[in-house]
1. Given a cut-off of under 8 Å on Cα pairs at least six residues apart, what relative contact order in percent is computed for the chain?
2. Using a 1.4 Å probe, how large is the accessible area of Phe330, given in Å² and rounded to the nearest 10?
3. Which lysines, if any, have their Cα less than 18 Å from the Cα of Lys51, not counting same-chain residues under 8 positions apart?
4. Let me check something: with ligands and nucleic acids excluded, how do Tyr54, Tyr125 order by accessible area (1.4 Å probe), largest to smallest?
5. Carbon and sulfur atoms: what percent of the 1.4 Å accessible area of the chain do they account for?
6. To the nearest 20 debye, what charge dipole does the chain have about its Cα centre, counting +1 at the Cβ of each Lys and Arg and -1 at the Cβ of each Asp and Glu?
7. When a/c reaches 1.5 or more, the comparison of a/b and b/c decides; with that in mind, is segment 255-338 rounded, prolate or oblate per its Cα gyration tensor?
8. Would you be so kind as to identify which of Ser72, Val139, Leu164 lies farthest towards the positive end of the dipole of the chain, taking Lys and Arg as +1 and Asp and Glu as -1 on Cβ and the Cα centre as origin?
Amino acid sequence: MKKLTIVFIALLVLAGCANKNTTKQELRVYNWGSYIDESLITEFEKEFDAKVIYDKFDSNEAMYIKVASEDSYDVLYPTDYMIERLRVEDRLQKLDYSKIPNYTATLDSLKGRAMDPTAEYTAGYFWGNVGIVYDKTKVSITDLEQQGWNIFKNENYKDQIFFLDSERDAFMVALKALGYSMNTTSESELQEAFDWLKDMNQKTRPVYIRDEMIDSMVSGVKPIGTMYSGDATYVLSENENMAFYVPTQGTNSWMDAMVITKNAKNVDLAHEWINFILSKESQQRITEEIGYTSARQDVIDIVTGVDGAFNGIDSYETRQNYNLDENYRFDDVTRVTMADYWVKVKSNG
């Protein structure tokens, strides 16, 4: 009986070891919705014998709330101003770039930006700007060139405008139209921008919209709207009447980057994920899937080349090194001010 008991215990121990050995390591990733070729997730899991817990957010602020409440993620995909906030609040850890050899192919313009001036915390993912998508058969290019962002106050386009429902982008448009920095902390300049947006609201009655704008512009529901360059790329590829214009008054030049959180549970696998996503093949597949501009010049060259997916689509090649374009910066006081003003704009206040 004692011998049988010993054998039974040994079998249990072996079974426990087997279960332990087959347990996959996990990686928790938090990214924007519709911002990857999802087949790559499965390929990564097979290559690294891992399980990826892949969650999606629809705004930097929603992502921040979960991170600030100590939800444990390994890799995040914030935008520049939110990366700055997370870094300043000590919620990120420095990357070990020796574990990310594909990072060397990243565009130099995406390294050492204001959010990460010493280039220690970020690996650029995709980037772009905000511009104007318009129907060439219904909107005058002369109006666009002469008025820039002020075209949204042109009453000839009353009830014909889509406008991004985002206070940061709305105030960028207003501040650039007024000749100010989009990162101003001046109360009087923010008040002027608020007044500009109210005036626009009264003169042209734009429809404030987010993701639904993409399909609506493809269908030609309205002939003009503010739009992120990557979304514009999709619209232009689907509707030959549509074009993209970036005003000379300047715009934002944003970047989404991959970062590793301070409380990441699988730091080594997080580095493997970032390196995997930054490979030439992965970047090409993702950029062709989502339309946003790759962090790699070799991929940009392929997809904009003669046989490329985005050949001839000018929204894909984001404007660089223009002196009036800026990176978003984080400032908690102006964030609250813009949010309060934006609610009033949309309520006709």
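1. Across the chain, relative contact order equals 26 percent.
2. Counting only protein heavy atoms, Phe330 exposes about 50 Å² to solvent.
3. Hits, sequence-local ones excluded: Lys20, Lys24, Lys265.
4. These residues rank, largest area first, as Tyr54, Tyr125.
5. After summing per-atom areas, the C and S share lands at 48 percent.
6. Its charge dipole is roughly 1020 debye.
7. The shape class here is oblate.
8. The listed residue farthest towards the positive side: Ser72.
The values are calculated or read from the model by the stated rules, or taken from the named source; none is laboratory data. Just so you know, these numbers come straight off a predicted model, no measurement behind them. Neighbour counts are summed over all protein chains in view; Cβ atoms, including those assigned to glycine, are modelled from backbone coordinates with ideal geometry. When the accessible area is computed, the model is the full protein with side chains, heavy atoms only, and any ligands, DNA or RNA have been set aside. Shrake-Rupley method; radii C 1.70, N 1.55, O 1.52, S 1.80 Å.
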